[in-house]
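Just below is one structure, and these are the notes that go with it.
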Amino acid sequence: MKRNIIFILGLLLIGLVLTGCQEKQKDSVQESKQAGESKATAEKSKQADEAGFTSEDKVVTINGKVLTYEDLQFYQLMNKVDIELNREQDQQKLKDAELTDKLAYWDEQLKYHDNFNVNLSKMIEQHAMYLLAREKGLDVEVSEVAKTIEEFTVRLEQNEPASQLVAAYPDDAFKNRLNSYFTEKMLTKQIYETLKTDVRKEKPNASEKEVVYDTSKNYDGLYQSQIASLEIKINAAEKE
């Protein structure tokens, strides 16, 4: 009987020790989880503090359509990707001093597109001119957009600097935005090309340089008129 009592007490003691160990392990896991969540929250807050925005923040509202900070980051990415693709073209066709000057220009452009207001202006311009294209009844075939995206993707995969830029952006978010982005871009380009055709009709003997100058001038005038007709609110100003 005495031996049984000692045995039972021993089992109870072992049970209490095991329970204590489990509780301690549970507390340790919980503390680690909380530490991880705190770190993630701190990191997110840090990113928001450094940029002044979180990805969900409104940056600008155009005729009721909200464009967020995440949208702006995508436009910044695409602007820089274009720079790298253009740089590659110049490396293939230019030489010596001309190439050196052009490469320096593209380096400046990369730094230029680190500027918040530069990317904001370009995002507003493309969306505003896209709306104008729609107002004028312009359209682009879905197959044309798909072909353009396919060609862009091939060039992107063959360009290491551009690929590295894209690699830093969430893959699904990047692919999901390409269709709307290129639809806007292609319709905006249609407006420019229409203006260019009009200039050539008005000045059949003009040089290409003059045609480009007049087209750009007419495009800028049209853009200013379009901006004046839209209801635009720069939500970013509220952050200042």
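Positive-end ranking of Q73, Y112, L94 along the dipole of the range 66-151, with charges on Cβ about the Cα centre, is headed by Y112.
The order of M186, M129, going from fewest to most other C-beta atoms within 10 Å of their C-beta, is M186, M129. Couplings 3J(HN,Hα) for the range 136-152, derived from phi with the Karplus relation 6.51 cos²θ - 1.76 cosθ + 1.60 (θ = phi - 60°), are 7, x, 6, 8, 9, 5, 4, 5, 5, 5, 4, 5, 4, 5, 5, 5, 4 Hz, where x marks Gly and Pro.
Just so you know, the Cα atoms of the range 53-186 work out to an Rg and Dmax of 16.0, 50 Å.
Bear in mind these aren't lab numbers, they're just calculated from the coordinates by the rules spelled out. Computed from a predicted structure; not experimentally measured. Cβ atoms come from the backbone with ideal geometry, glycine included; neighbour counts cover every protein chain shown.
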